[in-house]
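Structure record follows, encoded as structure tokens.
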Amino acid sequence: MVRFPEADKRLFKNIFVCRRTKRKIRADPLKVNQKKVRGRGKNATRNLRPLRKK
């Protein structure tokens, strides 16, 4: 399967995953580093990781 740059950007750029609830969030990386972005849900935290490229 061929990866297009446009699709790669849409699927992986600025997308982070909450470490506790495993929900995806699109956010600015600078705000994530400054812990200004929270995960979604009842048990959400500010600990986010980048989405893995499979």
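Hull surface divided by four, with the convex hull built on the Cα atoms of the chain: how many nm²?
Working: hull surface 15.9 nm².
Projected over every direction and averaged, the Cα hull of the chain covers 4.0 nm².
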Query raised in the report: Which lysines does K31 reach when only Cα atoms under 22 Å apart count, and residues fewer than 8 places away in its own chain are ignored?
Result: K9, K13, K22, K42, K53
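Counting alpha carbon pairs within less than 8 Å and at least 6 residues apart, what relative contact order, in whole percent, applies to segment 2-54?
Relative contact order for segment 2-54 comes out at 36 percent.
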**Report entry** Using θ = phi - 60° and Karplus 6.51 cos²θ - 1.76 cosθ + 1.60, couplings along segment 5-20 (whole Hz; Gly, Pro as x)
**Finding:** x, 5, 5, 4, 5, 5, 7, 10, 6, 6, 10, 10, 10, 5, 6, 8
Query raised in the report: Could you give the dipole magnitude of the chain about its Cα centre, charging the beta-carbon of Lys and Arg +1 and that of Asp and Glu -1, in debye to the nearest 20?
Result: 340 debye
Query raised in the report: GNM on the chain, C-alpha springs below 10 Å: top fluctuator among K31, K13, K22?
Result: K31
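Taken together, the values in this text are just the output of simple stated rules run on the coordinates, not laboratory data. Predicted, not measured: the structure shown is a model, and the values here were computed from it. Reconstructed Cβ throughout: ideal geometry from the backbone, glycine too, with neighbour counts over all protein chains shown.
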